[in-house]
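Worksheet for the structure shown next.
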Amino acid sequence: MSRPDISVDICGVRLKNPVIAASGTYGFGEEYTDLYPLERLGGISCKGTTLQPKDGNIPPRIAETPSGILNSVGLQNPGVEHFIKTDLPRLKKQDVAVIANIAGAGIEDYAETAARLDETDVDIIEVNISCPNVKQGGATWGVTCAGAESVTKAVRNATKKPIMIKLTPNVTDITEIARAVEAQGADAVSLINTLLGMRIDINTRRPILHNNVGGLSGPAVFPVAVRMVWQVHNAIKLPIVGMGGISSAADAVEMMLAGASAVQIGTAIFNDPYVPIKVSQGIERYLSDNGIAKVSDIVGQVRPWE
Amino acid sequence: MSYFCGSYPIIEKKALAGQIYSYTLLCPQIAENAHIGQFVQIKAEGYMLRRPISICQTDKEKGTLRLVFEVRGGGTDKISQLGAGDMMDIIAPLGHGFTLSDAPNGKVIVVGGGIGVPPMLDIAKKYGENCTAILGFRSFDRIILDKDYFATGARTVLCTDDGSVGIKGTLAAPLKEELKSGAAAVYACGPVPMLKAAAEEARLAGVPCEVSLEQRMGCGVGACVVCACTVIRDGKKQVLRVCKDGPVFKGDEVVF
């Protein structure tokens, strides 16, 4: 049998493999090039970018948890103009899909940031309506259908680029939010962002994070992510980029069986920077071993019990 | 500047004081590229986050790296279970080290507090008799690397919080005294109040100072912007990354 086809199509954008570096864990694709070229990835979702530069939260911004981490960076980033002038030209010289990840305090910020990116070579705009670490905006948009709809609508009107809405798991029913963004013209959804969590130092009685609370990621959240991807896959027709605790090829295959067309990997990279490459190779091996010609053939192919 | 990620053999392990261990790794590529003041990210089996540990010594000829760390929790405890002959998984060398002149205009002062003592050893070695090392510990049973410092030829001043050895109290007073006779530079690593005091004494004396900061880290390579620190640089407030823009910063630019 010839080599399986591991390329995927996400809202009209071809990724040579289904592995994307998750926003917030891979910067703007500069830091890991000492180890391997960015081209080994299917795509990179860049650090969450806002209209104006942001300083982020006071440290500590990270805490270790059983099989995961809590973070509260608070969207520190150099602003969309810096991204367009400095990072994007460098990224576009490489054969890797570039996903800009945008966030904002108000609807206008989202719309304006998307409008600026509309005239660039960005492949996809991922719209973060689920950041748990900023006081204004962020997850406040993503936890109600009305909020999710209004951001999606505004971004849709601001750009012709494919837009992918990043959903929060911190809701009662994620399928309602997914349906709401689908109805407003989203091209894809990505999920899950982090789960809100907290750690306390029992000696100082202080929360470890200066922000008191933060977003939980890593293998600890993986089963929650698989469940939500499966639920959303059953609820809407849009392609899903699945993420949340993936750290092996087996995890990625599981996420794709649940309904993800591609996956993002984040926290696991801190532990092993080579994880994205190992996952991509491992998916190919899984397909070969099981006589499957195309990776897209496994998407949503879980066989649930009746 | 480039870094590497891989598993390297431990060729020596020593227990220093208390829960403080010294490891020597054979990793020629890393040793070749390492600068004084840089750090490594060590993988702790069973933990998501690697542990950032400063490089204590680099021997470019032998191709070795010496790391000294204190067990502070589950992760460092796990790492400390590794022994000679085992492999240690590290990402290194990382960060921006000290600015060290080959011909300093006068004496160099290093200030190290507690587990901030190991990263300064190679500075003392580089400058030998032209260096004064002021080292602070909680008490006599926490003293580490004193013989290593004596062997460099640097004038070594020991201080303890309880006065059980050397000068009683913080490092600020002996540093102030030392600065009276002038110095080319002050380099400091240790707890934040100590760094703040060192930067302030150096500023008052008009001597350039560099400090090595510590912060909880994620990736260690600059990608996740978790380990933030605030500096005033070129008259502007900037939030920088301890792991990539530091861990060494100018003493007068850090907002402590």
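Derivation of every value follows stated rules applied to the coordinates shown; laboratory data play no part. Computed from a prediction, not measured in an experiment: that's the story for all the values here. Quick reminder, even Gly has a Cβ in these numbers, built from the backbone with ideal geometry, and neighbours come from all protein chains shown.
Values computed for the structure shown
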| quantity | calculated |
| --- | --- |
| Ranked packing of B:154-165, A:171-182, B:33-44, most packed first, by mean Cβ within 10 Å | B:33-44, A:171-182, B:154-165 |
| Exercise: per-residue mean of other protein chain Cβ atoms within 10 Å, B:94-101 | 0 |
| Candidate lysines - alpha carbon under 20 Å from A:Lys92, same-chain residues fewer than 8 apart omitted | A:Lys16, A:Lys47, A:Lys160, A:Lys161 |
| Leading residue at positive end of dipole, the range B:4-94 (Cβ point charges), from B:Gly83, B:Gln19, B:His35 | B:Gln19 |
| Sites matching GluC sites (Glu not before Pro) across the range B:17-122 that sit in DSSP coil, with at most 16 neighbouring C-beta atoms within 10 Å | B:Glu45, B:Glu61 |
| The range A:126-230: proportion of alpha-carbon pairs further apart than 16 angstrom, % | 58 |
| Length-normalised contact order of the range B:4-94 in % [C-alpha pairs under 8 Å, at least 6 apart] | 41 |
| Gain in span if fully extended, B:Asp234 to B:Glu129, counting 0.36 nm per residue against the direct Cα distance | 34.3 nm |
| DSSP beta bridge pairing in the protein assembly as shown, given as percent antiparallel to the nearest 5 | 50 |
| Between the range B:15-71 and the range A:99-113, the Cα center-to-center distance that results, in Å | 42 |
| Other protein chain Cβ atoms within 10 Å, averaged over every residue that makes up A:26-35 | 5 |
| Positive-end extreme of charge dipole, the protein assembly as shown - chosen from A:Asn234, A:Ala103, A:Leu91 (charges on Cβ) | A:Ala103 |
| Fully extended contour minus Cα-Cα distance, from B:Asp162 to B:Ser2, at 0.36 nm per residue | 53.3 nm |
| Chain A - percent relative contact order, Cα under 8 Å, separation 6 or more | 20 |
| DSSP bridge orientation in the range B:108-250 - percent antiparallel, rounded to nearest 5 | 30 |
| GluC sites (Glu not before Pro) within the range A:70-165, DSSP loop, no more than 12 other Cβ atoms inside 10 Å | A:Glu119 |
| Residue-by-residue Karplus 3J(HN,Hα) for the range A:59-74, coefficients 6.51, -1.76, 1.60, Hz, glycine and proline x | x, x, 10, 8, 9, 7, 9, x, 6, x, 9, 10, 9, 9, 5, x |
| Shielding of B:223-234 by partner chains, average beta-carbon count, 10 Å | 6 |
| The protein assembly as shown - mean residue ellipticity at 222 nm from DSSP helices (-39,500 (n - 2.57) per run, n ≥ 4, rounded to 500) | -7000 deg cm²/dmol |
| Compactness relative to 2.2 N^0.38 Å, alpha carbon Rg of the range A:38-178 | 1.04 |
| Dipole in debye (nearest 20) - the protein assembly as shown, about Cα centre, beta carbon charges: Lys, Arg +1; Asp, Glu -1 | 520 |
| Chain lengthening between A:Val213 and A:Lys237 when straightened (0.36 nm per residue, less Cα-Cα) | 5.3 nm |
| Karplus 3J(HN,Hα) series, Hz, for the range A:156-171 with 6.51 cos²θ - 1.76 cosθ + 1.60 (x for Gly, Pro) | 4, 6, 8, 8, 9, 4, x, 10, 10, 8, 8, 9, 8, x, 7, 9 |
| Spacing of the two label points (7 Å from each Cα toward its C-beta) at B:Asp252 and A:Asp34, in nm | 3.0 |
| For B:Met120, B:Met87, B:Met217, B:Met194, order by how many other beta-carbon atoms lie within 10 Å, fewest first | B:Met87, B:Met194, B:Met217, B:Met120 |
| Euclidean distance of C-alpha centroids, the range B:72-101 and the range B:104-152, integer Å | 20 |
| Euclidean distance between Cα centres, the range A:228-306 to the range A:168-196, Å | 18 |
